[in-house]
Amino acid sequence: MSPSAPGIEFRQVSKRYGNDPATPLAVDRVSFSVPRGTLTTLLGPSGCGKTTILRMIAGLESPSGGQILIAGQDVTTLGPAQRNVSLVFQNYALFPHMDVMGNVMFGLRMSGMAHEVARAKATAALEGVGLVGLDARLPAELSGGQQQRVALARALVLEPAVLLFDEPLSNLDARLRREMREEIRGLQQRLQLTVAYVTHDQSEALAVSDHIIVMDRGNIAQIGSPRALYELPQSEFVAGFMGEARLFPAVVAEDGRVQLGPLSLTPRQPVAPGPAKVAVRPEAWRLGPAGQGLAGHLVKSAYLGSGYELTFDTALGPVFVLSFDPAVDWVLGAEAGLSLTGVGVSVLPD
């Protein structure tokens, strides 16, 4: 294995289920690389191909075409046991009849490691995920977060070249999801693990990733850092999927200024003159007195504690706004003037 090679590399990889050539490709000639020691998230809606890609990395699915490399080694035709890859499943896949220690030791014992050596390694792995003292408990006696930690320890103890996560937090409540994503990210950075992580949750992807691959119907829509994808989407799909951006028709003047109804703005990247679309995220709107900027009439309001979710009727159509000033008590029917802060606004060619 080459130490300078990417942790994971896909070269024109395709996947079609079944033998009918008329069946659409689940993954269509996808190419990307995951640098060693980084966490890359495969993000997209259901059916976009992200889980199929993860299963092909693990060796649980065979590609219909293309080449898969791990640490520079071609593993396209190798089985799961030959790839030095560990997968943390969505449902944890713990053995219910085995205690915590037995679950974590299982892979080591199956590889032929002596019991005492395997037990010492499993103990260290459990310490690493904060499960000291729970060795003898069965999975049914653990909370969802503790079961997730056992699954993580079982994967880490094998010292894999690549660690894979398939929707690992979807079965946890909101508070535990936040704690576990921080724990996974902390472990990944501390141990310099190469990780591919699948989720459909944009906020989760933004929080844990070095890089994000946004998938759309078997194709890569965009690859980039969380900030680049959020602030500089390259398509309507990415703009709409990352952070609930709303798209509005606009016109780019010869001088590069963009006219959005009564509002005028300068795009951060040059856009050719003519029709365009402006993607505006909810937090990009600034609320002011009626009579300034874009006139808005409040038709929906939801109090969140830290602020409000507001929907205004405007000349541009419905505008969704996040207001983080809980001191203002918004009443349906209120009038406001809407302007743009510049952050969270992207201009796309029509």
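The values are calculated or read from the model by the stated rules, or taken from the named source; none is laboratory data. Since the model is a prediction, treat every value here as computed from it, not as a measurement. So basically every Cβ, Gly included, is an ideal-geometry build from the backbone, and we count neighbours across all protein chains shown.
For this structure, a couple of remarks:
- Any chance residue 270 is closer than 20 Å to residue 346 by Cβ and in a loop (DSSP other than H, G, I, E, B): yes
- Where residue 18 falls short, out of the listed (1) at positive phi; (2) in contact with a strand residue (DSSP E or B) (Cβ under 9 Å, 6 or more places away or on another chain): (2)
- Tally, over region 274-291, of residues that are loosely packed, with under 14 Cβ neighbours inside 10 Å and not small (Gly, Ala, Ser): 2
- Every residue from region 76-106 that is closer than 20 Å to residue 54 by Cα and not in a loop (DSSP other than H, G, I, E, B): 80, 81, 82, 85, 86, 87, 88
- Against the test of being over 26 Å from residue 84 (Cα atoms), charged (D, E, K, R) and touching a helix residue (DSSP H, G or I) at 6+ places or on another chain (Cβ under 9 Å), the options 154, 178, 185 yield a single qualifying residue, 178.
- Failed criterion for residue 17 (all others in (1) assigned to a loop (DSSP other than H, G, I, E, B); (2) touching a helix residue (DSSP H, G or I) at 6+ places or on another chain (Cβ under 8 Å); (3) of a type in the set (Phe, Trp, Tyr) hold): (2)
- Qualifying residue in region 84-93 (condition: surrounded by 16 or more Cβ atoms within 10 Å (Cβ to Cβ), over 18 Å from the mean Cα position of the chain (by Cα) and either among the acidic types (Asp, Glu) or not assigned by TED's automatic domain parsing to the domain that holds residue 218 (or both)): no
- Taking the criterion of being under 30 Å from residue 9 (Cβ atoms) and part of a loop (DSSP other than H, G, I, E, B), the only residue of region 125-155 that qualifies is 129.
- Tabulated pairs, region 208-223, first closer than 17 Å to residue 240 by Cβ, second part of a strand (DSSP E or B) and of a type in the set (Asp, Glu), C-beta under 6 angstrom, 6+ apart or interchain: 219/28
- Wholly within region 156-252, helices (runs of 4 or more DSSP H) carrying at least 1 residues that are in contact with a Pro (Cβ under 6 Å, 6 or more places away or on another chain) and in the same structural domain as residue 106 (by TED's automatic domain parsing): 202-208
- Candidates 183, 204 - the one that is at pLDDT below 90, charged (D, E, K, R) and surrounded by 16 or more Cβ atoms within 10 Å (Cβ to Cβ): 183
- All positions within region 157-175 that are under 16 Å from residue 104 (Cβ atoms) and in contact with a helix residue (DSSP H, G or I) (Cβ under 8 Å, 6 or more places away or on another chain): 157, 158, 163
- Residue match in region 68-78 (condition: under 30 Å from residue 238 (Cα atoms), surrounded by fewer than 22 Cβ atoms within 10 Å (Cβ to Cβ) and of a type in the set (Asp, Glu)): no
- Within region 249-282, being at positive phi and either free of Cβ contacts under 8 Å to residues at least 60 places away in the same chain or in contact with a His (Cβ under 7 Å, 6 or more places away or on another chain) (or both) holds for 256, 261.
- Inter-residue pairs, beta-carbon under 6 Å, first among the charged types (D, E, K, R) and in region 303-331, second surrounded by 10 or more Cβ atoms within 10 Å (Cβ to Cβ), 6+ apart: 309/302; 313/297; 313/299
- Only residues that are closer than 19 Å to residue 319 by Cβ, among the small types (Gly, Ala, Ser) and either within 12 Å of the chain's Cα centre (by Cα) or buried (at least 17 other Cβ atoms within 10 Å of the Cβ) (or both) were counted in region 221-256, giving 4.
- Residue within region 125-148 that is over 22 Å from residue 84 (Cβ atoms), in contact (Cβ under 8 Å) with a residue 12 or more places away in the chain, in contact with a strand residue (DSSP E or B) (Cβ under 7 Å, 6 or more places away or on another chain) and not aromatic (Phe, Trp, Tyr) present: no
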